[in-house]
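Written below as structure tokens is the structure these notes are about.
The values are calculated or read from the model by the stated rules, or taken from the named source; none is laboratory data. The structure presented is a predicted model; accordingly, all values stated were derived computationally and were not measured. Here the Cβ positions follow ideal geometry from the backbone for every residue, glycine too, while neighbour counts run over all protein chains shown.
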Amino acid sequence: MKRFLAGARGSIHAGLAACQLFFWLPLSAGAAENEKGHGYFSASYQFIHTDGFEATTGKLPVGTTDTHGLNLDFGYHFTDKWAASIGIPFIRKRYQGSVPHDPRLLVPPRDSEFIDDGSYHSNFQDWYLKVSYLAKEGSLRIEPFAALGVPSNDYPFFAASAVGQRLNKFDIGSEFAYTPPISDAWYRLEVSYVFVEETLGVNIDHWRINVEAGYFFSPRWSGRVFMLLKEGDGLEFPEDFPPPRTDERWYQHDRMIKHNYINVGLGANWFINERYSLTLSALTTVDAEQVFPVEYAFTIGIAWSF
């Protein structure tokens, strides 16, 4: 059975949501997937559309966001057990609505770029460095990992069209993959806990759970269903941010709101040849808490293994 590798990992900011869309690019049959010296490069495009914000008082019609993301990722096996990967997304995003975030209206005004002007704005987001260890092989694979997220630059975070929260993050967890004997199906679970840099003493650490089940319809084609869950601590809108919302607490609010969600989706993979593979996926938000729910999103990516 072919193994699926965590090829591109984009953390794309959706409005007030740090909405992570995780997806995996497949390696084709015949690739020496765990041998020392093996690696891959992947490039993926994502589009995300959100409409409204899910507050404790219900969905607020505050506007829409459209996000285009290009995710680049490189991975390499240093030994038969140890591997590392590094990636960064480039984001182009706009907000359209009646409540733009304008740092010039804060008291005192902040020296931050105003980007909620209805136009697209672009920036690199956060570097993502991951180290993993293959603890168990066979039909049940267990692969613990640790990952570090570091902002690539001083991009604006006070904006519905911001590309990220500009916070350091440390992610520790494990991937579990099961391929039943004499079967064309596979099942995959990734569980991790993310420690996030605190803002004004507020803790927004959270759990991240990704579940996937797939099936090979032929040697070249497979399909899958998946669920992405984020559940953690943080503040809530509007009760934790009373009017007039012009102070330092409001300036930092997107770094302190909890941003919980459940996304579900479908995907397909095409093994072009021994080294190249293509992935397609689409998803939507089915449960949202303090977040811009995703109405629809899709991803297309290509991976080259060596």
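The table below lists the values:
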{"read-out": "Pairs, first more than 23 Å from Ser119 (Cα to Cα) in segment 145-164, second assigned to a strand (DSSP E or B) and basic (Lys, Arg), C-beta under 6 Å, six or more apart", "value": "Phe145/Lys130; Ala147/Lys130; Gly149/Lys169"}
{"read-out": "Top-ranked residue in segment 136-151 [being under 20 Å from Met256 (Cα atoms) and touching an Asp or Glu at 6+ places or on another chain (Cβ under 7 Å); ranked as surrounded by the most Cβ atoms within 10 Å (Cβ to Cβ)]", "value": "Gly149"}
{"read-out": "Failed condition for Phe217, given (1) farther than 25 Å from Ser192 by Cβ; (2) in contact (Cβ under 8 Å) with a residue 40 or more places away in the chain; (3) not basic (Lys, Arg)", "value": "(2)"}
{"read-out": "Any hit, segment 244-254, residues being touching a Leu at 6+ places or on another chain (Cβ under 6 Å), under 23 Å from Thr50 (Cβ atoms) and of a type in the set (D, E, K, R)", "value": "yes"}
{"read-out": "Number of positions in segment 34-64 that are surrounded by fewer than 15 Cβ atoms within 10 Å (Cβ to Cβ), on the phi > 0 side of the Ramachandran plot and touching a Phe, Trp or Tyr at 6+ places or on another chain (Cβ under 9 Å)", "value": "1"}
{"read-out": "Residues located in segment 113-161, provided they are touching a strand residue (DSSP E or B) at 6+ places or on another chain (Cβ under 8 Å), among the small types (Gly, Ala, Ser) and assigned to a loop (DSSP other than H, G, I, E, B)", "value": "Gly118, Ser119, Ala135, Ser139, Ser152, Ala159, Ala160, Ser161"}
{"read-out": "Elements of type strands (runs of 3 or more DSSP E) in segment 179-296, at least 2 residues being surrounded by 15 or more Cβ atoms within 10 Å (Cβ to Cβ), among the polar types (S, T, N, Q) and at pLDDT 95 or above", "value": "260-271, 276-289"}
{"read-out": "Complete set of residues in segment 93-112 that are in a loop (DSSP other than H, G, I, E, B), among the hydroxyl-bearing types (Ser, Thr, Tyr) and crowded, with 18+ Cβ neighbours inside 10 Å", "value": "Ser112"}
{"read-out": "Set Glu231, Glu239: member being charged (D, E, K, R), more than 24 Å from Phe114 (Cα to Cα) and over 20 Å from the mean Cα position of the chain (by Cα)", "value": "Glu239"}
{"read-out": "Extreme residue, farthest from Gly87 (Cα to Cα), among residues of segment 152-165 that are polar (S, T, N, Q) and surrounded by fewer than 22 Cβ atoms within 10 Å (Cβ to Cβ)", "value": "Asn153"}
{"read-out": "Number of the exception - Phe170 against (1) under 17 Å from the mean Cα position of the chain (by Cα); (2) on the phi > 0 side of the Ramachandran plot; (3) not aliphatic (A, V, I, L, M)", "value": "(2)"}
{"read-out": "Hits in segment 199-213 (condition: touching a strand residue (DSSP E or B) at 6+ places or on another chain (Cβ under 7 Å) and without any contact (Cβ under 8 Å) to a residue 60 or more places away in the chain)", "value": "Val202, Ile204, Asp205, His206, Trp207, Ile209, Val211, Ala213"}
{"read-out": "Residue within segment 65-82 that is within 20 Å of the chain's Cα centre (by Cα), surrounded by fewer than 22 Cβ atoms within 10 Å (Cβ to Cβ) and at pLDDT below 95 present", "value": "no"}
